[in-house]
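Take a look at the structure below.
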Amino acid sequence: MRGTPEDFDEWAAWGNSEWSFAKVLPFYRKLENDRDAQGDFHGADGPIWIERPHPDTWQPINHAFYDACRELGYAEVWDQNDPRSTGVGPWPRNRRDGIRISTAIGYLNPARHRVNLTIRPFCNTHRVIVEDCRATGVELECGGALQTIRARRVTLSAGAINSPAILMRSGIGPRAELETLGIKCVIDLPGVGRNLIDHVLVPVVATPTPGVPHDPLVTNPIGIRYTASGSDEFNDMQMYVFTYFDRSVMAGTALDLPVPSVAVTPGLQRPRTRGRVSLRSADPNVPAVIDLNYLGDPEDLRRLVDGVRIAWRLMNSARFAPYIRDFVNITPEIVASDSATADYVRNNCGTIFHPTTTVKMGPKSDPAAVVDQYCRVRGVEGLRVVDASVMPNIVRANTNLTCIMLGERAADWMRADN
């Protein structure tokens with residue numbers, strides 16, 4: 001899914017004029033091979049296949065969730081990527097014949113044969129080498145041996161956790177913190193690792209009625225994009241219905257759910273809280289410290305409390321209730337109490353795996369900015385960061401598609417540099 005036009009126009013208003021919605025839309029279209037939605041807002045010949053689960057493939061619980069949402073007043077939506085869409089409908093997904101069309105499949109596989117491309121797996125990047133304020137290569141460990149690779153240009157795409165960590169190990173970051181760890185500061189950029197943002201969810205979990213028909217491989221085909229009550233931020237929430245009937249489908253998830261289970265799950269899309277990534281050691285084998293600081297702003301907690309109550313209403317509706325046997329860790333008494341529901345949110349929240357903004361872009365006037373709007377690291381020639389870490393604020397959507405768009409946008413500037 002894409003972010004909303006408001007997300008990108010906000011980026012532009014903060015001094016990043018190249019990132020208005022009008023300017024990023026062509027790059028969203030360029031990457032898309034959208035099989036369902038055509039027209040001015042969509043692309044049809046890009047490397048990333050996009051389709052929407054047809055209602056014929058939804059399972060009974062999915063249909064019950066949809067019907068309950070419609071009865072509660074949510075609009076019917078077929079294209080969640082239409083700029084003004086809000087309501088319930090199928091999620092656009094980069095899945096074809098059951099296979100997720102990742103960037104490895106869509107972009108990397110067709111390029112593997114190129115003689116000017118070398119792929120080095122199983123490497124741990126220690127640092128970028130900076131000489132006279134210019135990136136001249138990277139130092140990495142491969143097979144237990146330390147190696148230096150010289151380069152005319154270095155681009156980090158290690159994500160919002162590892163990109164700032166690599167920068168800090170390279171001497172690019174907050175001077176006092178680096179020197180405390182024995183790292184010589186090359187460029188004092190206090191914003192490196194700051195402003196960590198992540199989407200947070202809270203599942204309302206139940207065990208299903210025995211015998212409910214379900215295909216265990218059909219997961220999360222539909223959901224809601226909506227605006228929280230009392231909020232002036234359009235589509236600042238999502239809500240999903242997760243059905244776990246097969247433990248193998250849960251591999252890697254942070255949610256500790258019983259099997260089988262059904263979870264209606266509000267997800268906060270515009271968190272106000274900011275966390276940070278920092279180093280505990282200069283040793284590249286020591287993981288960074290990740291402080292998500294969830295719910296640090298009262299408004300984040302308020303909107304998730306509101307979301308839990310909406311989920312509760314949906315699951316207890318006439319459409320959905322026949323599929324529910326018992327609720328897990330939540331009762332009518334909890335939902336009726338503001339403080340108890342807030343405690344429920346605190347004790348059951350988790351990540352949607354969308355960390356951003358730890359190497360944020362911005363103009364020179366922004367002391368927290370690490371890269372300019374062309375993704376170039378301030379004060380270091382020949383070094384870019386192109387991943388979710390450069391977003392000035394998190395988008396109101398899953399971040400995957402926007403990360404691909406970031407890559408397409410930056411690639412155009414790289415070609416111009418050549």
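The values are calculated or read from the model by the stated rules, or taken from the named source; none is laboratory data. These numbers were taken from a predicted model, which means no experiment stands behind them. When we count neighbours, we look across all protein chains shown, and the Cβ atoms used for this are built from the backbone with ideal geometry, even at glycine. Accessible surface is based on the protein model in full, side chains and every heavy atom, while ligands, DNA and RNA are left aside. Shrake-Rupley method; radii C 1.70, N 1.55, O 1.52, S 1.80 Å.
From the residues in region 1-53 that are in contact with a Ser or Thr (Cβ under 6 Å, 6 or more places away or on another chain) and among the small types (Gly, Ala, Ser), which one is farthest from residue 237 (Cα to Cα)? Only one residue fits best here, namely 12.
Yes/no per residue for (1) farther than 27 Å from residue 374 by Cα; (2) more than 20 Å from the chain's Cα centre (by Cα):
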| position | (1), (2) |
| --- | --- |
| 8 | no, no |
| 37 | yes, yes |
| 41 | no, yes |
| 45 | no, yes |
| 48 | no, no |
| 55 | yes, yes |
| 59 | yes, yes |
| 77 | yes, yes |
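If the condition is being open to solvent by 50 Å² or more (accessible area, probe 1.4 Å), in a loop (DSSP other than H, G, I, E, B) and in contact with a strand residue (DSSP E or B) (Cβ under 9 Å, 6 or more places away or on another chain), then region 100-120 contributes only 120.
The strands (runs of 3 or more DSSP E) found entirely in region 155-237 that carry 2 or more residues being at pLDDT 95 or above, under 21 Å from the mean Cα position of the chain (by Cα) and buried (at least 16 other Cβ atoms within 10 Å of the Cβ) are 194-196, 222-226. Here residue 97 clears all of (1) at positive phi; (2) open to solvent by less than 90 Å² (accessible area, probe 1.4 Å); (3) modelled with pLDDT under 95 except the condition numbered (2).
Listed residues 32, 51, 76, 71; which is closer than 21 Å to residue 7 by Cβ and not β-branched (Val, Ile, Thr)?
The unique qualifying residue is 32.
Considering only residues in region 60-73 that are open to solvent by 30 Å² or more (accessible area, probe 1.4 Å) and not hydrophobic (A, V, I, L, M, F, W, C), the one that is farthest from residue 310 (Cα to Cα) turns out to be 60.
Against the definition (within 29 Å of residue 210 (Cβ to Cβ) and at pLDDT 90 or above), how does residue 273 come out, yes or no? No. Scan region 36-77 for residues that are over 30 Å from residue 110 (Cβ atoms) and either of a type outside the set (Val, Ile, Thr) or touching an Asp or Glu at 6+ places or on another chain (Cβ under 7 Å) (or both) and the total you get is 20.
Contact map, region 175-200: residues that are at positive phi paired with residues that are assigned to a helix (DSSP H, G or I), Cβ distance under 7 Å, separation 6+ or inter-chain. Pairs shown: 193/164; 193/168. The residues of region 380-418 that are open to solvent by 50 Å² or more (accessible area, probe 1.4 Å) and either in contact with a Leu (Cβ under 7 Å, 6 or more places away or on another chain) or more than 26 Å from residue 49 (Cβ to Cβ) (or both), listed by number, are 381, 416, 417, 418. For region 367-379, the set of residues classified as open to solvent by less than 10 Å² (accessible area, probe 1.4 Å) and assigned to a loop (DSSP other than H, G, I, E, B) consists of 369, 370, 375, listed by residue number. Does residue 329 satisfy the condition of being surrounded by fewer than 18 Cβ atoms within 10 Å (Cβ to Cβ), in contact with a helix residue (DSSP H, G or I) (Cβ under 8 Å, 6 or more places away or on another chain) and of a type in the set (S, T, N, Q)? Yes: the conditions hold for residue 329. Say whether the condition of being open to solvent by 60 Å² or more (accessible area, probe 1.4 Å) and farther than 23 Å from residue 228 by Cα is met by at least one residue in region 301-317. Within region 301-317 (the criterion being open to solvent by 60 Å² or more (accessible area, probe 1.4 Å) and farther than 23 Å from residue 228 by Cα), the answer is no, since none of the residues qualifies. Within region 67-86, the set of residues being out of contact with any helix residue (DSSP H, G or I) (no Cβ under 8 Å at 6 or more places or on another chain) and under 12 Å from residue 223 (Cα atoms) comprises 67, 70, 74, 75, 77, 78, 79, 80, 86. Just one of the numbered conditions (1) closer than 29 Å to residue 224 by Cα; (2) in contact with a Cys (Cβ under 8 Å, 6 or more places away or on another chain); (3) not aromatic (Phe, Trp, Tyr) is not true of residue 60: (2).
Could you list all residues from region 15-29 that are buried (at least 19 other Cβ atoms within 10 Å of the Cβ) and under 19 Å from residue 367 (Cα atoms)? Matches in region 15-29: 16 only.
Of the listed requirements (1) open to solvent by 40 Å² or more (accessible area, probe 1.4 Å); (2) within 21 Å of residue 343 (Cα to Cα); (3) at pLDDT 95 or above; (4) out of contact with any helix residue (DSSP H, G or I) (no Cβ under 7 Å at 6 or more places or on another chain), residue 283 misses just one: (2).
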